[in-house]
Structures are given as C-alpha cells and as structure tokens.
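J.: Got a structure for you, written out below as structure tokens; questions coming shortly.
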Amino acid sequence: MGLSNQSTGCCVLSDALHVERVSPGQKVIALAGNPNVGKSTVFNSLTGMRQHTGNWPGKTVTIAQGNFTHGDTQFILVDIPGTYSLMANSVEEEVARDFICFGNPDAVIVVADATCLERNLNLILQTLEATSNVVVCVNLMDEARRKKIRIDLEELSHQLGVPVAGTSARNGKGLDILMDEVWKVTSAKTDGSPLVIQYPEVIESAVSFLEPALKGVVKGGLNPRWVALRLLEDDERLLKAINNYLGYDLMRFEAIADGFRKAKETLDAAGIQPDLYKDMIVSGIVRKAEAISRRVVTVEKPGYNMRDQRIDRILTSRIYGIPIMIGLLGIIFWITITGANYPSSVLADGLFWVEEQLTDLFMAIGAPAWLHGLLVAGMYRTLAWVVSVMLPPMAIFFPLFTLLEDLGYLPRVAFNLDNFFKKACAHGKQALTMCMGFGCNAAGVVGCRIIDSPRERLVATITNNFVPCNGRFPTLIAIITMFFAGMLSGPFQSIVSTLILTGVIILGIIMTLVISRLLSRTILKGLPSSFTLELPPYRKPQAGRIIVRSILDRTLFVLGRAVMVAAPAGLIIWAMANIHAGGMSLLSHSANFLDPFARLFGMDGYILMAFILGFPANEIVIPILIMSYMAEGSMMEFESLIQLRELLVANGWTWLTAICVMLFSLMHWPCSTTCLTIRKETQSWKWTLVSILVPTLTGLCVCFVVANGARLLGLA
Amino acid sequence: MKQKTDSLISPGHIMPLSFLPTGRKARVKALMSNGISRRRMLDLGLISDTIIEALQKSPSGDPVAYLIRGAVIALRSEEASQIIVEAV
C-alpha cells in the first residue's frame, strides 16, 4: 500500500550517497532510527512533505529528502533506511552506515521510540561511535505517557553527551526544540563530549595500538576510534569503503599497518577471533544500552504492554487468528462494495450529463463528427467510466486499509501467515509485500526490499501480481455484481458479492503460496532464510491523518495515473473501432484474430484484446471491453450495471465467461508500471520476463482447466 | 518441535528457546548460530543473561512471539532452537 507521490518519486538506494546542496550554506541532516519509530512522521512534520508512513517495520526502503528552514539556516533532511544497527547485516543497514559515515552529513538525528528506549539505544550508541554530531529525538512521548513510562531526557542527554529532544511528532510537539538542537549542533554552538563506550580491556589495548596512528590520517569527519574498531573486525568491504572514501589505502601508512599488526597480535594472544570480537563489541554496546536505560527509564506501571498482549492473544490465537483476519478483509470489502454503489451512480449521472452538454457544445460550434467521436465518445467517455467506477471503491477501500495499517495490524497478518510461507520456502514478510500489492503491485514490488535474502525477494517479486491491485478491484467488483449477485436484491446482494470477492482474494493468496513453493523447488531453489519480525505496539490511529493521507496520497495519485492512461487509450480504441479495412474495423480484425485462442480459455477475442490493451493500466480493461462491444464504436452511457450485463450477455457472455475473466484478471501479466519497477528492482530483464510469464501461464492454465472442465461436465 | 509441558520445566532447566512454554521467562545462555543469523540475534539484544519471555504462538504454533528488551519479536523455531536458555 506504499504508493504515493513520495514513495515513487524519490531516489532509490543506489543514489543514496548523492545529496545535492542547492546553496553552499545548506546543511545536510541525516534522519536515522529503528524501523517503526515514527521516523517518517518526523520527516513529514519537519519538511512538510507527504512521505507515506505506516505502522510496520522496515517501511522506508527508499531514501527521501526534503528541505526545511530553521533560524537563518536551510537544512536538507535525508531520510535514511530504518535499521536496528549499523553493522551492515543487510542492504538497509549498509546504506544507513555508509550515509552516516561517508555521506558527510552535518548532523545526524537519531529518532528513538520512547516506549522501547533500550532497544533503540543500540543504534544511538553505534551512531555516536561513528560521529559526534548527533541529536537524539525521543519520539512517541505521548504513547509513553499513556503507557506510564517516564523518560528522564536530561539524564539521557547527560549520559550520551549529546542533545536530546523529546517529541510527539504526530501532534507536532517538541519539534521546535529538536530543530533548535539541530541548529546548535550544525553551527557548532554546543560543545558536548559524546559518550565513549568502553570495551573489555583486551579490545581497548588493541585499539590503543591503532587509534593514535589513525589520528591525523583519517579525515573528512571519520572518527579514528571508530575506524580502529572497524578495522579490527576484518571486514574487507568496509575497509574498501573507508579507503574509497578517503581516497587512499590506509594500510600503506607504515604506522597504521604496524599498529594493526600489533593490535591483531594482542587479540590473537587472548584467543579473540573475528567472530568473538564482534560478539564482544555488540555485547559491550547492548550492556551500555541496558545500563543507560536503567538510569533514565521509569516504568510506573509494570506490565505496561499487557493490553497489547491481550489483543494479540485474540488476534493471533490458534482458533480465532485466521478467521478474524479473513473476517476483517471481508468487512472491508463489504463496506467498499456497499458504500461504492450509490456514489458510483451519482458520479456516472453527473459525468454523463456533462457529456451531453459537451455534445451540445460540439453541435453548436459545428465541429465535424469525427472530432466529436474522438474527443467525446472516445476520450471523455472512457475517462468518465474510469472515474465513476474507480473513484468510489478506492476512496472507501484506501482509508479502511490505512486504518488497519496505522493500528499496527499488518505485522500480525505476517505473523499469522508465516508458517504457510515457511512451508512454501518463502519469507514471512512476503505477507507484508502482498498487503502493499493490494494498493498497487508496483509498490508491492518496491516493498520486497524489506526481504533480505535475494532468493526470497525474487519469489516475493514474481508472485506479487497474484494480489489484485486496486486497478483490478473495480473490474472484479463489477463482474461479481453483474453476474453473481445481480439477481439477488437488498442486503444479500452485497453479502454475496463480498463472499465471492473474499474468495477471489483467498484464491490469490493460495496461488501465491503454491507458486512460491513451486519456484523454490525449481528455478529459485533454496531453504527459508532466518526470519525475525517485530510486532510493534498497537497505536491509536489518527482519523484525520488517515483520511487526508489516503485520499490525497493514494486515491488521487492512483486515479490520476489511471486517467493519464485512460485518455489516450480511449482515443486509440475509438480510432481502432472506427477505421475500417476490408469492411471490418481494425478492432474487429484484431479481435477475430485472437478469438480462437481466447476461446480455449473461456474468453473471447475482445476480452483478450482488452487485457492486452490494458497493459498500461488494469483500470481500463472493462471500459475498453465495453467500447469494443458497442457496434458504433464508442461506449454506451453508463446508467446501471444491469444494462452492462445485457450488453455482455448479448455478446455471448455466460457465468463461465465471467469466472474466466475474473480468474484471468487475478492472474495475468503485471501492468507496464509494475514491469518497469521489477526491471529496476531486479536489474534483470530475465527476471522481469519470468515475472510476466509466471502469472500469465498460471492464469491461462487455470482458465483452461476451468473452462474445459465446465464444458466437459456439461455445466456451460 | 515437541514442547514440554509447563510443569516439567523447573527453574534452572537448560534448553533451546523453542522449548520454552508461552508465559514463561528464561535467561539467554548461548547462541549456537553463526554468521548473519548470529549478528541478527545479537542486534535484537540477545546477549548472554538477557531475559526473554515467550508471549504468544502464531495460529499454527510457529513462529512464536517473544518479549526481548521491551520489544515483541517473532522468531521461527529454526532460530529459536539455536538460542540456548535457562528457565527462570
């Protein structure tokens, strides 16, 4: 669900270190922090940009930057990936570390979660080791207060030796203080002495051989002690990164090489191999975090997370966990379907009234018939269709889904479903990327970055299209309403629609698991990698923010894109339907050509062509189809779905056609945007092709079996 | 992985974390994993003597959610069986 202006518009990981200062006086501030601590909210509040935020770990997988001014200084705020550590165990951690250490930021803000400070101190302490220009932002102070957790910010600042600001970024509280502190740090108005973590004596004596030699040689803001500690880790890639950054090979300096040798001898003599060394370093940091936390955090009410645990016991229980999940999905669909009906027809009435006025206008100015056909019957009608069919379900579905996201329910979905994914040899976080796919598959594919293992990331990427994005929802809903629920009346209609739609989604999930397993057994052989998933505390959602964000960032953005595609598509279809060759329109020629093939799969030539022409955006499949069926080559006026049904039935549709179209809509090639995103993410045309072929072949196989099975059994 | 019943596990009992019944606490004694997996466990703060509590099983019994240093983290049995703990 992460599709928004920001998440698609900002630069990607590979450009991570490139920050352009517009004017020389600008200061670059890196925004670091654990996943899910409100980092994006801080970013948005400071810069006024709408980067989408969500309550699940590892959301910020791209790097966004924005500007703000405080006092006399302009700042560029760079939102680096949320990580628990800078030890470079994953791509995100490496990017975060590289930006903090080699990106030359003027200061680093580390955002921490006040309700879980001890865990966050790990990253804070690691950052302090690398750079002293740090401001700690203890966010979610309001949540902490509600949970009766008290944080002594002054003592924390004293312990860490750097400024600390307590904030509730969601309400905009404390951000002034944060900006003041950042301003002070970047204009060198503070003179703190940041905490230096003391490691066991043998490590300290090893460092003492190396550190003095490094002083004076390492420049550009690198901390000699940090470099010494890292050199002793024997990390080839980091050594290369340091040398790259400095522009010369550290080991070419005799004093350094000599110190390094002596330090290594010291460690060897004590029997400290690289693995143990790293353990000792991490333990040192964790113990320091524990000690600091003990001094500054007071839990007034022990068992403060009992409420969350009680909720979890129900939402992830053996008996109710999965039924509740399906039930919630069903409720969302039911509200969407029921709620969308009325506004949809009102919109349609309005938009087609406008069409009549446009037609009158064209008549009045005496425009030629072809111009009216092209612009009004072709372009405008397609647009009107897309808007009236798509806007209402999206405007209802998005806020509801954002609500679940904000509450923190989605990680519980991943928790509930993990065992299925494990059996499919896939990653449990694939459930999260599927949730993102509900909004837009391109966003889902980008979201696959939260999966570390390259094999499992590919599995998630290739199968993401089995989740119907919101471009395909209206198609599914329209067909269900016309063919399966249309005969019923009243409340039953929407309940039956909901059940069928939920069934289709569950089928999509089952196909995802089956295909993931198949891929893991064939072209992407391998075992599931290690898996840790954080279940963040439930948070009170903010209704206003949800509505604004989901309508502005998601609905309008997605709709805008659909409209951009629909307008030219409407033109092309109208032209194809009205340019005749050999007594038949181009459209009929193409459809006739595809027809025998399409019939094998329970569809017809027009349907298959609509899917092909819908490659730029799935939203326009149904409009194209309707326009193609209309003999005069433009869409009829949309008054009710019953009329539409008559049109389809007149063109040979049966319930079997409807099922096959729904199945093929669920399982066919990804739209062009998603394909390009897959190419960008995998850096490979081969895997892009696989991502197109796998869902398409699956869909064709399923449709073939269903269509011919039903025909053989004499059902249709 | 078969799990012992609560009453059989007395304080001081040494076992893999995956054997810890929900609702019980244990102290980390050692990590058996290596490489990236070990790093990841350490990043969670799972150094020796860390107290960890088994909170909640997922519907299928695996993964299990644990309370580790104030954060709720779900671990699959593969990871949990690599963490040796002492029941408290």
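Coordinate-derived values only; no laboratory data. No experiment lies behind these values; they were computed from the predicted model shown. Every residue, glycine among them, receives a Cβ derived from its backbone with ideal geometry; neighbour counts consider all protein chains shown.
J.: So if we plug the beta-carbon distance of A:Gln357 and A:Leu715 into 1/(1 + (r/R0)^6) with R0 = 35 Å, what FRET efficiency do we get, rounded to 0.05?
T.: 0.15
J.: I want to verify the translational diffusion coefficient of the protein assembly as shown in µm²/s; compute it with Stokes-Einstein, Rh as the Kirkwood radius over Cα pairs, at 37 °C and 0.692 mPa s.
T.: Answer from the Stokes-Einstein relation: 114 µm²/s.
J.: Right, here's the next one. Nearest 20 debye, what's the magnitude of the dipole of region A:201-272 about its Cα centre given +1 on Lys and Arg Cβ and -1 on Asp and Glu Cβ?
T.: On the way: 10 positive and 12 negative charges, 68 e Å.
Using Cβ point charges on Lys, Arg, Asp and Glu, region A:201-272 gives about 320 debye.
J.: Say each of A:Thr298 and A:Leu697 gets a label point 7 Å from the Cα, pointing the same way as Cα to Cβ; how far apart are those two points in nm?
T.: Using points 7 Å along Cα→Cβ, the separation is 6.6 nm.
J.: Moving to a separate point now. Per-residue Cβ counts within 10 Å, from other chains only, averaged over B:30-38: what number is that?
T.: Other-chain Cβ atoms within 10 Å of each residue's Cβ, averaged: 3.
J.: Could I ask something else about it? For a quick check: sort A:Thr316, A:Thr522 by the number of other beta carbons within 10 angstrom, fewest at the front.
T.: Fewest-to-most Cβ neighbours within 10 Å comes out as A:Thr522, A:Thr316.
J.: Now, a different point. By Kyte-Doolittle mean hydropathy of at least 0.5 and Cα axial length of at least 30 Å, which whole DSSP H helices of chain A are selected?
T.: A:321-364, A:381-407, A:491-521, A:557-578, A:685-712
J.: Okay, helix-only estimate at 222 nm for chain A: each DSSP H run of n ≥ 4 adds -39500 (n - 2.57), divide by all residues, round to 500 deg cm²/dmol; what do you get?
T.: Values: 31 runs with 425 residues, N = 716.
About -19000 deg cm²/dmol.
J.: Among DSSP beta bridges whose residues both lie in the protein assembly as shown, state the antiparallel percentage, nearest 5.
T.: 65 percent
J.: Restricting to DSSP loop positions (anything but H, G, I, E, B) with no more than 14 other Cβ atoms inside 10 Å of their own Cβ, which trypsin sites (Lys or Arg not before Pro) remain in region A:500-576?
T.: A:Lys525
J.: In region A:115-160, with Lys and Arg counted as +1 and Asp and Glu as -1 at Cβ, which of these residues, A:Ile124, A:Met141, A:Leu153, has the Cα nearest the positive end of the dipole, that is, farthest along it?
T.: So the residue furthest toward the plus end is A:Met141.
J.: Peptide A:414-420: average number of partner chain Cβ atoms within 10 Å per residue?
T.: Counting other chains' Cβ atoms within 10 Å and averaging over A:414-420 gives 5.
J.: Could you give the size of the charge dipole of chain A about its Cα centre, using +1 on the Cβ of each K and R and -1 on the Cβ of each D and E, expressed in debye and rounded to the nearest 20?
T.: Working: 60 positive and 58 negative charges, 262 e Å.
Rounded to the nearest 20 debye, it is 1260 debye.
J.: To the nearest 0.05, how large is the calculated FRET efficiency for A:Thr654 and A:Ala581 if R₀ is 35 Å and r is the Cβ-Cβ distance?
T.: 0.65
J.: Taking beta carbons within 10 Å but only from partner chains, what does the mean come to for residues A:307-319?
T.: Mean shielding count: 3.
J.: Another question, if that's okay. As a test of the definition: which semi-axes, in Å, follow for region A:275-355 when you take the square root of five times each eigenvalue of its alpha carbon gyration tensor? Largest first, please.
T.: Semi-axis lengths for region A:275-355 are 52, 21, 16 Å.
J.: Which whole-number percent gives the relative contact order of region A:427-538, counting Cα pairs below 8 Å spaced six or more residues apart?
T.: This gives 27 percent for region A:427-538.
J.: Run the paramagnetic zone check for A:Arg318: 7 angstrom along Cα to Cβ, then residues of region A:375-417 with backbone nitrogen under 13 Å.
T.: No residue passes the distance filter.
J.: Using the basic label-point model (7 angstrom from Cα toward the beta carbon), what is the A:Lys262 to B:Ser10 distance in nanometres?
T.: 5.5 nm
J.: Let me know the whole percent of all Cα-Cα pairs from region A:229-326 that are separated by more than 17 Å.
T.: Roughly 72 percent, once rounded to a whole number.
J.: Still on this structure: Among A:Glu290, A:Glu94, A:Glu619, which comes first, second and so on when ranked by fewest other beta-carbon atoms within 10 Å? Present the calculation step by step, with values, prior to reporting the outcome.
T.: Numbers: A:Glu290 17, A:Glu94 20, A:Glu619 30.
By the 10 Å Cβ count, ascending: A:Glu290, A:Glu94, A:Glu619.
J.: Follow-up question, since we're still on this one. Let me have the relative contact order for chain A, percent, based on Cα pairs under 8 Å that are six or more residues apart.
T.: Relative contact order for chain A comes out at 12 percent.
J.: Then there's this: Given axes a ≥ b ≥ c from the Cα gyration tensor, I'd like to know whether region B:11-87 is rounded (a/c under 1.5), prolate (a/b larger than b/c) or oblate.
T.: Numbers: a/c = 1.40, a/b = 1.13, b/c = 1.24.
Since a/c stays below 1.5, the shape of region B:11-87 is classed as rounded.
J.: Still on this structure, please answer the following. For A:Glu265, A:Glu254, what ranking results if the residue with the fewest other Cβ atoms within 10 Å of its Cβ goes first?
T.: In increasing order of surrounding Cβ atoms, one gets A:Glu254, A:Glu265.
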